[in-house]
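S.K.: Attaching a single structure in structure tokens format; questions to follow.
The values are calculated or read from the model by the stated rules, or taken from the named source; none is laboratory data. Keep in mind the model is a prediction, meaning the values are calculated, not measured. So basically every Cβ, Gly included, is an ideal-geometry build from the backbone, and we count neighbours across all protein chains shown.
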Amino acid sequence: MRTFVIGDIHGQRLALESLVKAIPLSDEDRLIFLGDYVDKGPDVKGTLECLSRLSSWENTIFLRGNHDQMLIDAYRDPEKFGIWECLAGDDPLASYGTGDSYQLIHEMPPHHWRFLEDACVDYFETEDFIFVHAGIRADRNPGKEEIERLQWMTLSMAEPHQSGKIVVCGHTRSESGRIVDLGHTICIDTGISKNGFLTCLEMETFGFWQADSQGMISTGALRRGS
């Protein structure tokens, strides 16, 4: 089984679909998404449709990002709507139709909410890696870490984890569009929301694929000779 990991998508459906088609994924492989599926990008609706379809595949794991959580909170608690709206970008739900965001958030279909609330988890751990959206404190087991830290920590706070496992995250956008490899932590938010790329990293070989907002694919290797 190979493991492929995809970083922050932010409503960039075309990049997502192109990337999934480009990677050499087989039925035996595992596909992990690190969260932040919504906000900022042009097609949140199409992105959630694509991910909802992929969720039927048993080897797919979805983490919940801070933007996903903020959207859920805004829908469930009107007092939190303003916080989400300030951080979600311009017209974040325009792909759902016309109207203001308060109207459109209540027109999102039930299966999109089921995906965000029920299909997504807070972390995923293997023998060699800890996958989180944002980060984890060095002395905490993933199951004991605060959800807010898993979703909101920045890469500047990353330290070698006590388990010796490599932490793989998104959340902290790379201004250069390149994967950030600290050795003990790898961040694959390569800025698709800011004219960068959507990245997929294969954990066994450290080869990667990147798609831009138009779906153009490039490839490379993070750790050559690994």
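S.K.: I'd like to check something: does the stretch 126-133 contain any residue that is closer than 26 Å to residue 83 by Cα and in a helix (DSSP H, G or I)?
M.R.: No, because not a single residue in the stretch 126-133 is closer than 26 Å to residue 83 by Cα and in a helix (DSSP H, G or I).
S.K.: Please find, among 190, 185, 205, 219, the residue that is out of contact with any helix residue (DSSP H, G or I) (no Cβ under 6 Å at 6 or more places or on another chain), closer than 10 Å to residue 7 by Cβ and not small (Gly, Ala, Ser).
M.R.: Exactly one of 190, 185, 205, 219 is out of contact with any helix residue (DSSP H, G or I) (no Cβ under 6 Å at 6 or more places or on another chain), closer than 10 Å to residue 7 by Cβ and not small (Gly, Ala, Ser), namely 190.
S.K.: Consider the stretch 55-84. How many of its residues are buried (at least 17 other Cβ atoms within 10 Å of the Cβ) and modelled with pLDDT under 95?
M.R.: Total satisfying the criteria: 1.
S.K.: When residues of the stretch 131-145 are filtered for being over 14 Å from the mean Cα position of the chain (by Cα) and closer than 18 Å to residue 36 by Cα, how many remain?
M.R.: Number satisfying all stated conditions: 1.
S.K.: Restricting attention to the stretch 1-32, which residues are part of a loop (DSSP other than H, G, I, E, B), at pLDDT 95 or above, hydrophobic (A, V, I, L, M, F, W, C) and surrounded by fewer than 19 Cβ atoms within 10 Å (Cβ to Cβ)?
M.R.: Those that are part of a loop (DSSP other than H, G, I, E, B), at pLDDT 95 or above, hydrophobic (A, V, I, L, M, F, W, C) and surrounded by fewer than 19 Cβ atoms within 10 Å (Cβ to Cβ): none in the stretch 1-32.
S.K.: Just need a number here: residues in the stretch 33-50 that are out of contact with any Lys or Arg (no Cβ under 7 Å at 6 or more places or on another chain), surrounded by fewer than 23 Cβ atoms within 10 Å (Cβ to Cβ) and not acidic (Asp, Glu).
M.R.: The total comes to 3.
S.K.: Next question, about the same structure. Which is without any contact (Cβ under 8 Å) to a residue 40 or more places away in the chain and farther than 18 Å from residue 20 by Cβ, of 171, 184?
M.R.: Values: 171 fails: without any contact (Cβ under 8 Å) to a residue 40 or more places away in the chain.
Of the residues listed, the single one that is without any contact (Cβ under 8 Å) to a residue 40 or more places away in the chain and farther than 18 Å from residue 20 by Cβ is 184.
S.K.: So, one more: Looking only at the stretch 100-128, filter to residues that are crowded, with 19+ Cβ neighbours inside 10 Å and within 17 Å of the chain's Cα centre (by Cα); which one of those is farthest from residue 30 (Cα to Cα)?
M.R.: Filtering first and then ranking leaves 112.
S.K.: Quick one: which residue in 26, 56, 18 is out of contact with any helix residue (DSSP H, G or I) (no Cβ under 7 Å at 6 or more places or on another chain) and closer than 11 Å to residue 198 by Cα?
M.R.: So the residue among 26, 56, 18 that is out of contact with any helix residue (DSSP H, G or I) (no Cβ under 7 Å at 6 or more places or on another chain) and closer than 11 Å to residue 198 by Cα is 18.
S.K.: Looking only at the stretch 146-156, which residues are in a loop (DSSP other than H, G, I, E, B) and within 15 Å of the chain's Cα centre (by Cα)?
M.R.: 153, 154
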